[in-house]
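Only the coordinates and a few stated rules stand behind these numbers; no lab work does. What you see is a predicted model; the values in this text were computed from it and never measured. Reconstructed Cβ throughout: ideal geometry from the backbone, glycine too, with neighbour counts over all protein chains shown.
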Amino acid sequence: MAKDMKNKAKESVNKTEVVTLRLDPRTKFGLELLAKKQYRTLSSVVEWSINNALSTEIPDIDFIWDVSEVDRFLNMVKRAPTLLNYEEQLVLKVINDSYKCWDTDNESLDRIYIKENYGLIKKIALGEEKVSSLPNNISHDIPF
């Protein structure tokens, strides 16, 4: 049992993720040439290319990224709300409609309340829980 816990803890601290890609032969060949030119491995060229594209297409990524899912969500709401997926839009709707802890006019957000109740808010957004199951102790004084 203790060994399983150690393995799970070790897995959760991985610094990289494995991604499988399907590439047409021309693109793969181009990446291989780029790897040779830059004296890199194919995987490091792919990572470098993706990071270049990210910094161009999503310049706020360093401000949005956080290891915490709820902080990433809140940062996206603030910095890139048009990139929210459907489930995230549902979560934001629950927050906006039911809890009034997000005020777009003065950009205040009760982050502590949302962090404490995020799992429940997600369940409500997905229809798995009722709105009435959330506690009513919302503070409006915490700035974003």
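As an exercise, use a Förster radius of 25 Å and the Cβ-Cβ distance of Lys78 and Leu120 to find the FRET efficiency, rounded to the nearest 0.05.
So the FRET efficiency works out to roughly 0.70.
Karplus-based coupling profile of segment 116-133, in residue order and whole Hz: 5, 10, 4, x, 5, 4, 4, 5, 5, 4, 8, x, 8, 9, 9, 4, 5, 7, with θ = phi - 60° in 6.51 cos²θ - 1.76 cosθ + 1.60 and x standing for Gly or Pro. Annotation: peptides 119-127, 16-24, 70-78, ranked by per-residue average of other Cβ atoms within 10 Å with the highest first, follow the order 70-78, 119-127, 16-24. Size descriptors for segment 15-57: radius of gyration and Dmax over Cα atoms are 10.8, 30 Å.
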